[in-house]
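Below you'll find the structure, written out as structure tokens, and then a few comments.
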Amino acid sequence: MKFGIITERKNPPDRRVVLSPEACKTILREHTHAEIVIEPSLIRTFSDDAYRTLGLNVVSEMADCDVLIGVKEVPIENLIPNKKYFFFSHTIKQQPYNSSLLKAVLDKNIELYDHEVITNEKEQRLVAFGRYAGIVGAYNGFRAYGLKYGTFALPKAEALTDQQELIFELKKIKLPNIKVLLTGRGRVGNGSREMLDGMGMRRVNIGEYLEEDFNEPVYCQIDASEYNKRKDRVRGNKADFFANPEEYKSDFFRFAKVTDFYIAGHFYGQGSPFLFTREDAKHPEFKIKVVADVSCDIDGPVATTIRPSTIADPIYGYDPQLEEETDFTNLDAVAVMAVDNLPCELPRDASVGFGEAFVKNVIPAFFNGDKNGVLHRARMTQHGKLTTRYKHLESYVNG
């Protein structure tokens, strides 16, 4: 089985890679029938020489590979027919801008495996960049706080090497006695928590957060069952919420009344109530002035997120009264950091972490007959058709 690590060609450039040089060596050591070649790249976080140093071949020709592995969408003109491909296709949610990509995949008889749907038997994702989105998102949020109030100036995350450098910079800053709220306890939320703990911020429980004042900055991490409540006032729980989201309404405003800086690291499911609305943001008691929206659902559960921002220009202001964008340094503006490709700012760490999961959970399936069904569940197309699991995308492709 010959694997090819392809060059990332989508703009803006993405420096991440699925398999680091060390990850490639691990595969070759554990699977004697595996072969790996690397397509040259000037932007990849690991240089061509880093692969060559470990004895890996860097070649321009990928046509003789069985499986081609990338991170972002492959431009249609660069797709090689009759191959197996792994990348984030961004078609699972029927994104309009990529329907032509999925159609081209079918036309070229490509077997597409989307990283987003690489799951175990319980439908839990096995490979993801979420932790790194949470790490960078929390850092960027503090950077936005310092710039809004002119109290400190953190360097951009993309200028730093790894998570430890981000934490090192955060430890230098002096914060007032603010309250920081973090939603979510998944990969994203816990990635953000690593940063809050790493910088030495005190964590408090919900009761303390809502009722007490502190002589230091503190944070509180909450999950869906804590910022939502059942409409019928029956005591709910997280499992019930995810099973019956329409039976719940937001209970977030009690946190918004005491929060200075909010980090949104939750997963938002279809049918769930918004955390806060535009009307909530207009309320005199709504206190939040900085939002780091790692989840970045536009015009959705976090009302102040009206568009994604970019690594080059990561912060914008939201005017709650006018419901429109403004200068984030304005006194009444909410500063919003809503970069939608945060892991790109920490490409080395993100690549290493993603690759470790890929080596552990995906590569063995090629050599054990896919005994756990990992490839079967992630295979979107085969023989020029959508697989049964993804037949619901037919109208999306044809439309």
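With 28 Å as the limit, the listed pairs K84/K360; K72/K108; K72/K148 have K72/K148 beyond it between alpha carbons.
Dipole size of the chain about its Cα centre, with +1 on Lys/Arg Cβ and -1 on Asp/Glu Cβ: approximately 780 debye, rounded to the nearest 20.
Shape class of segment 141-261 from the Cα gyration tensor (axes a ≥ b ≥ c, square roots of the eigenvalues): prolate, since a/c reaches 1.5 or more and a/b is larger than b/c. Each Lys and Arg contributes +1 and each Asp and Glu -1, all at the Cβ; summed about the Cα centre of segment 130-345, the dipole is approximately 560 debye. The lysine pair tally for segment 175-276, using Cα distances under 18 Å and a gap of 8 or more places or different chains, is 7.
Distance from the C-alpha centroid of segment 1-74 to that of segment 195-274: 41 Å, rounded to the whole angstrom. Okay, helix-only estimate at 222 nm for the chain: each DSSP H run of n ≥ 4 adds -39500 (n - 2.57), divide by all residues, round to 500 deg cm²/dmol; what do you get? Computed ellipticity for the chain at 222 nm equals -8000 deg cm²/dmol. When both bridge partners sit in segment 130-345, DSSP labels roughly 35% of those beta bridges antiparallel. The stretch between E123 and R233 holds 36.5 nm of extra length on full extension. This uses 0.36 nm per residue minus the Cα-Cα distance. (i) 28, 61, 11; (ii) 27, 49, 23, 1; (iii) 26, 53, 21, 0: which one is P(r) over Cα pairs in 20 Å bins from 0, in percent as calculated from this entry? Calculated P(r) over Cα pairs in 20 Å bins from 0, in percent: the matching label is (iii).
Can you find, among Y316, F354, M337, the residue farthest towards the positive end of the dipole of segment 299-355? Put +1 on the C-beta of Lys and Arg, -1 on that of Asp and Glu. The residue sitting most towards the positive pole is F354.
Values in this text are rule-based calculations from the coordinates and carry no lab data. Fair warning: this is a prediction, and the values are worked out from it, not measured in the lab. Because the Cβ atoms are built from the backbone with ideal geometry, glycine has one as well, and the counts that use them run over all protein chains shown.
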